[in-house]
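The values are calculated or read from the model by the stated rules, or taken from the named source; none is laboratory data. The shown structure was predicted, so the numbers you read here are calculated from the model rather than taken from an experiment. Cβ atoms come from the backbone with ideal geometry, glycine included; neighbour counts cover every protein chain shown. Each accessible area value is taken on the protein alone, full model and side chains, heavy atoms only, with ligands, DNA and RNA left out. Shrake-Rupley method; radii C 1.70, N 1.55, O 1.52, S 1.80 Å.
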Amino acid sequence: MVGTGTGADYFTDERHNRLREEVRAFAEKEVRPQVARMESDREVEFELAREIARRGWIGVTIGREYGGMGLGHLAKTVVIEELARVSGAIGAIAQASQLGVAKVIHFGNERQRRYWLPRFASGEALPTIAVTEPESGGHVLGMAGTARREGDEYVLNGRKWFVGNSHIGDVHGVVFRTGKGSRGLSAFLVESDRPGFRLGDLGSQSGLHGFSFGELVFEECRVPAANRLGREGQGLDVAYSSSILYGRPNLAAVALGIHRAIVEDTVRFAEDRTMYGRPLSALPNISLKIGEMQSRLMTARLAAYHAAHLLDRGLPCDAELMNSKLINTEYALDSARAAMEIHAARGLQSSFAIERYLRDATHIYPPAGTSDVQRLRLGQVAAGSYGVQWSEKLGHLAKLPDDGPGLRALAS
């Protein structure tokens, strides 16, 4: 089904295809046999996360000068999509670490880039980004955690919630309040072995079993001033840009991979299941539902690939990134519900995986803004009142070289 009837080949080239084959082979051979265990144990999956990192896939957007693959956002979408097709949790692990990469690429100084990016690219260190707090939730300006300056150090106090890869990360990009108002937030890199830092509650979740989405606690945690990302007061920029440029397209890719699995499994089930003397897929109402699922998948995939393609070219595409997250999340959930109707009671059985897909897709809904948040921002785009275009402001760091992958369509 991949590359058939989706229009995705317009955006990809041979390098993307080779990468897809490599990731898919890994997902089928190494990840799929572990899914049942991950579902039953519900423990944080450490080894597969490290193996993904060691293969260099966390460094897919990191430039070659820092040891990365230098293949850009479309290649990142391919990696996450292929992993999530087999396991939404493993796809989520890959995408969450990419958020941690973003903050150093876009806001790190050259010393920080030279130190951290090669470690991310090689798999030596896994990064995270931590913004959300228990009291303020997604309202970034409402955060209460503080960072006070004492000489050449900052002292951090507070808690962060819903941190992707919380319990396997080696260095956490955190945003705390250093002053008042929107310019009173600052970002820092905090290594996981810093005194005053500890892991909090892992939390419980209905889906994405194997993925850690827990709490970080900072109690008089001291970090050197050299660990600050960007200028003091630039924390809001770090939070917003990472969410828009990486969070939304990454989550769209996870939802896309889950969506593909839903359609593929449902087609297989409908062909194998016999009713009234013929395959279930031969019934007109079932064929109509599957056709609608395929239409949603095609539209969602085009939205995800188009947005990543624009980002790789360094073009303004905030709206496309928002729409990609909106379309992929909503359509995956719609197709999961349709699959449930086709499977009927069998859809509730873990052996058919549909209930897992539905649970996992639901977990993609809140991060980086719910669907209503995306609609609100898109409404601002329509009215001409949308603010900073982060894809344009930081586009020089996201743009691929002129001979980079994904540009074949421009030359043809």
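For the range 26-43, state whether one or more residues are within 29 Å of V190 (Cα to Cα) and open to solvent by 30 Å² or more (accessible area, probe 1.4 Å).
Yes, some residue in the range 26-43 is within 29 Å of V190 (Cα to Cα) and open to solvent by 30 Å² or more (accessible area, probe 1.4 Å).
Specify the residue that is most open to solvent (accessible area, probe 1.4 Å); the eligible residues are those in the range 12-25 that are touching a helix residue (DSSP H, G or I) at 6+ places or on another chain (Cβ under 7 Å) and modelled with pLDDT of 95 or more.
R24
What are the residues in the range 66-98 that are open to solvent by 10 Å² or more (accessible area, probe 1.4 Å) and either hydroxyl-bearing (S, T, Y) or within 22 Å of L297 (Cα to Cα) (or both), if any?
Matches in the range 66-98: Y66, R85, Q95.
Would you please name the residue that is modelled with the lowest pLDDT, looking only at residues in the range 134-148 that are under 11 Å from R159 (Cα atoms) and touching a strand residue (DSSP E or B) at 6+ places or on another chain (Cβ under 6 Å)?
P134
Restricting attention to the range 342-397, which residues are aliphatic (A, V, I, L, M), out of contact with any helix residue (DSSP H, G or I) (no Cβ under 6 Å at 6 or more places or on another chain), under 17 Å from G138 (Cβ atoms) and in contact (Cβ under 8 Å) with a residue 40 or more places away in the chain?
The one that is aliphatic (A, V, I, L, M), out of contact with any helix residue (DSSP H, G or I) (no Cβ under 6 Å at 6 or more places or on another chain), under 17 Å from G138 (Cβ atoms) and in contact (Cβ under 8 Å) with a residue 40 or more places away in the chain: V373.
Within the range 262-282, can one find any residue that is under 30 Å from G387 (Cα atoms), of a type in the set (V, I, T) and out of contact with any Gly (no Cβ under 8 Å at 6 or more places or on another chain)?
No, the range 262-282 contains no residue that is under 30 Å from G387 (Cα atoms), of a type in the set (V, I, T) and out of contact with any Gly (no Cβ under 8 Å at 6 or more places or on another chain).
Taking the options N328, N323, name whichever one is in contact (Cβ under 8 Å) with a residue 24 or more places away in the chain and open to solvent by less than 30 Å² (accessible area, probe 1.4 Å).
Step by step, each of N328, N323 is checked, and only N328 is in contact (Cβ under 8 Å) with a residue 24 or more places away in the chain and open to solvent by less than 30 Å² (accessible area, probe 1.4 Å).
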